[in-house]
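Just below is one structure, and these are the notes that go with it.
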Amino acid sequence: MKIKKEYLVIALVILSTIIYLTVRKTNRTEYQLPVIPEMVSDHIGKIEITHAGNSLILERKDKKWQIQPQGYPADTDKVNTMLNDLGHLTLTALTSESKAYARYDLDPDKVIRVQAWAGTAVQRDIQIGKAASTYQHTFVRIGKTPQVYQAEHNLRTAFDQTVEKLRDKTVMQFDTAEIKDIAITQNGQQIMLHKKEVTPAAAGNGQTPAGAANNSAVSNKPAEVQWTTDQGKPADISQVNRLLSILSHLSCESYIEGKTKNDLGSTPLCTILVKGKKDYTLTLYPQTGKAGSGYPAVSSENNYPFTVPDYQGKTLADPQKLITSDKKPEALPGTPAKSEEKTPPHKP
């Protein structure tokens, strides 16, 4: 009798376990993440970003991205980051099906909707919410589907943009090695600087310095750059290099909205012209606001007026720093020293 009771207990345990597992399996939520189709970035010709009722449109024209309808050149690096995020969109988990979008910043006031087209076909349509607590994922919706998913990476950083943020801030660019002449006009006066590259061998006219077996050590040295004025006055090489370094990769602080290049007036603070494969011109105007507001300016390489930061404007607007004292350039190695003229002794 005792054995029968033990078998009965065992049977009840087994039955309970089966029921538990069956119920557990039935109540378990199972889902399958949607498959994100492949997107070829080079095929994308239009991106539209909608946020808080405002729409920002990017279009590719002649292999360059523009902000429409203004036609402003867009920052290439920022657009490429967008394309990379859209092309590598990866969902990692289903977060919610409750349609409680506000908790994920997917409500109409905060959501960022991004659509990308290849021709007339939509290749991406996602709604971007806030980043997850780890900042390694972002809450998203795919198109208008109600489910909220987690996607890899913090997508909001790339797409939380304005027209001003997306504009290409490069206003002048060139290779400093090509520049041969610099002209700076200020207060009706002009300073002209000319570059001359002198090799040690040329400076020595092929003569072997005293005590040297040959001139090969001298001739193998690189050419030395000298900048001088029209009057032959030497320029400060470090200051000239600093000027060219600023101008060769000049980015503006911001663009001046609502004005054209002709609206800044006819009395500039200074005009800087550098000559290379072509002429590059920057015209700087006096500050119109408080200190720190930047210097209004226009460039021959950009169609719109802009401001440059204070620290750059102060450097560009002080051409006298480029000129050194009356000392002559130092003699290059291998250059014969000029003998001093001695007054012949007085004969009684």
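The values are calculated or read from the model by the stated rules, or taken from the named source; none is laboratory data. Everything numeric in this text was worked out from a predicted model, so none of it was measured. Heads up, the Cβs are rebuilt from the backbone with ideal geometry, glycines too, and the neighbour counts pull from every protein chain shown.
Laid out as a table, the results:
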{"read-out": "Subset of the range 296-339 that is at pLDDT below 75 and either in a strand (DSSP E or B) or of a type in the set (A, V, I, L, M) (or both) - its residue that is nearest to Pro222 (Cα to Cα)", "value": "Leu332"}
{"read-out": "Residues satisfying the stated conditions in the range 224-253, i.e. more than 30 Å from the chain's Cα centre (by Cα) and surrounded by fewer than 14 Cβ atoms within 10 Å (Cβ to Cβ)", "value": "Val225, Asp230, Gln231, Gly232"}
{"read-out": "Matching entry among Gln66, Gln70 (being in contact (Cβ under 8 Å) with a residue 12 or more places away in the chain and either over 15 Å from Val114 (Cβ atoms) or not assigned by TED's automatic domain parsing to the domain that holds Val122 (or both))", "value": "Gln70"}
{"read-out": "Residue match in the range 37-53 (condition: modelled with pLDDT under 65 and either out of contact with any His (no Cβ under 8 Å at 6 or more places or on another chain) or not assigned by TED's automatic domain parsing to the domain that holds Trp117 (or both))", "value": "no"}
{"read-out": "The range 121-145, residues that are outside any strand (DSSP E or B) and over 13 Å from Val111 (Cβ atoms)", "value": "Ala132, Ser133, Thr134, Tyr135, Gln136, Thr145"}
{"read-out": "Looking only at the range 276-295, and only at residues there that are β-branched (Val, Ile, Thr) and at pLDDT 95 or above, the one that is surrounded by the fewest Cβ atoms within 10 Å (Cβ to Cβ)", "value": "Thr281"}
{"read-out": "Test for Val218: is it modelled with pLDDT under 95 and buried (at least 17 other Cβ atoms within 10 Å of the Cβ)", "value": "yes"}
{"read-out": "Residues of the range 275-323 classified as of a type in the set (Val, Ile, Thr) and under 15 Å from Tyr255 (Cα atoms), total", "value": "5"}
{"read-out": "Search result, residues across the range 174-198 that are in a strand (DSSP E or B) and loosely packed, with under 15 Cβ neighbours inside 10 Å", "value": "Asp181, Gln189, Gln190, Met192, Lys196, Glu197, Val198"}
{"read-out": "Conditions (1) buried (at least 19 other Cβ atoms within 10 Å of the Cβ); (2) over 22 Å from Glu164 (Cα atoms); (3) touching a helix residue (DSSP H, G or I) at 6+ places or on another chain (Cβ under 6 Å); number of the one not met by Ala118", "value": "(1)"}
{"read-out": "Residues being crowded, with 17+ Cβ neighbours inside 10 Å and either in a loop (DSSP other than H, G, I, E, B) or over 31 Å from the mean Cα position of the chain (by Cα) (or both) - total across the range 67-95", "value": "3"}
